[in-house]
Amino acid sequence: RFKSHGSARETFDWDEMCEIMLPIPDINLQQQIVKEYNIIQNRISLNNQLITKLEETAQAIYKQWFVEGIDLENLPKGWKIGTLSDIATIIMGQSPEGESYNVNGEGCPLINGPVEFGEYFTIKTKWTTEPKKYCKKGDLIFCVRGSTVGKNVIADDRYAIGRGVCAISAEYQLHLIQLIKTNLNEILKDVTGSTFPNIDRATLGNYPVLISTEDKLKDFEHKTKPIFEMIEIKANENQKLSELKDLLLAKMTR
């Protein structure tokens, strides 16, 4: 940046760029860093493949138990049609004052939108000292505004939630997660606003759902809990590996 010039419009041409002195490690160190980087990246890729398979397994179990072969005109005994608000609690986010934000870990971690979304779980990137609304660990965090409406992840901790998201929770959370993922495209049909899409609490809460018996829901939670526990383990491992990868790349400038 120091080499750029021009008052109204800064310029920086190719020849000037080629003259910039950069710290370049010895070739042997470069090769070692690349080798270690590839080992980490391959491990992350393998974990992502396993997570995908685990998600597909949970989704297949859900569809087999709650979708396939279900006749809505002749429901099994004890089943009924209801709404999402009949089985879940929806908490719409409320953004704290901007001056309360920080990246130093002061206060409560904050989710405003997909910037705080990892592949499967939330990630901590900012905090607030003036939280307004909260989610708890395990809640489904669902984007309700803008081009990312419907994008969702699971909260890995207690967070403050801003207006760009809502938190959805239920007694049988694993069932709820699969229900929303399975019906996401249908849910998004009720999104309003062409310039700035959004979905409100009433629209989400009134979405019609099939409500099965409590015994069936308990069985599903028991069946899929080991799957979700393994997903969480692998997702956490990938987060640590990504941090290690960033530290490894930092060696290139030493």
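The values are calculated or read from the model by the stated rules, or taken from the named source; none is laboratory data. Given the structure is predicted, the values throughout are model-derived calculations rather than measurements. When we count neighbours, we look across all protein chains shown, and the Cβ atoms used for this are built from the backbone with ideal geometry, even at glycine. Only protein heavy atoms, including side chains, enter the accessible area calculation; ligands, DNA and RNA are left aside. Shrake-Rupley method; radii C 1.70, N 1.55, O 1.52, S 1.80 Å.
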### Query
Rounded if a/c is under 1.5, else prolate if a/b beats b/c, else oblate: with a ≥ b ≥ c from the C-alpha gyration tensor eigenvalues square-rooted, which is the range 1-65?
oblate
### Task
Starting from the Kirkwood radius over alpha-carbon pairs of the chain, derive D by Stokes-Einstein at 10 °C in a medium of 1.306 mPa s and give it in µm² s⁻¹.
74 µm²/s
### Message
Based on Cα coordinates alone, diagonalise the gyration tensor for the range 178-254, multiply each eigenvalue by 5, take square roots, and list the semi-axes in whole Å, largest first.
### Response
37, 25, 7
### Query
Using a Gaussian network for the chain with springs between C-alpha atoms less than 10 Å apart, which of these wobbles most: THR122, THR195, THR89?
THR195
### Sulfur and carbon atoms: percent of accessible area, the chain [1.4 Å]
52 percent
### Query
What ranking, highest mean first, results for peptides 160-173, 220-233, 142-155 when packing means the other Cβ atoms within 10 Å averaged over each residue?
160-173, 142-155, 220-233
### Query
What does the charge count near ASN152 come to, summing +1 for each Lys or Arg and -1 for each Asp or Glu among other residues with Cβ under 15 Å from its Cβ?
-3
### Task
State to the nearest 20 debye the size of the charge dipole of the range 62-137 about its Cα centre, where the only charges are +1 on K and R beta carbons and -1 on D and E beta carbons.
240 debye
### Summary
Residue-normalised 222 nm signal for the chain, counting each DSSP H run of n ≥ 4 as -39,500 (n - 2.57), nearest 500 deg cm²/dmol, is -14000 deg cm²/dmol
### Message
If the only charges are +1 at each Lys and Arg Cβ and -1 at each Asp and Glu Cβ, what is the size of the charge dipole of the chain around the Cα centre, to the nearest 20 debye?
### Response
220 debye
### Message
Once you order the gyration tensor axes a ≥ b ≥ c over the Cα atoms, which shape class does the range 122-195 get: rounded for a/c under 1.5, otherwise prolate or oblate by comparing a/b with b/c?
### Response
oblate
### Query
Which residue, LYS234, LYS126, LYS35, tops the fluctuation ranking in a GNM of the chain built on C-alpha contacts under 10 Å?
LYS35
### Query
Relative contact order for the chain using alpha-carbon pairs under 8 Å, separation at least 6, rounded to a whole percent?
25 percent
### Message
Is the C-alpha gyration tensor of the range 117-254 telling us rounded, prolate or oblate? Criteria: a/c under 1.5 is rounded; beyond that, a/b larger than b/c is prolate, otherwise oblate.
### Response
oblate
#### Entry: Peptides 24-30, 58-64, 80-86 ordered by average Cβ neighbours within 10 Å, highest first
58-64, 80-86, 24-30
## Note on the structure
Ordering 237-244, 206-213 by per-residue average of other C-beta atoms within 10 angstrom, highest first, gives 206-213, 237-244
### Summary
For ILE123, the residues 5 or more places away or on another chain with a placed amide H closer than 5 Å to its own amide H are PHE117, GLY118
### Task
Compare GLU119, GLU99, GLU214 in a GNM of the chain, Cα atoms joined below 10 Å, and give the one with the largest fluctuation.
GLU99
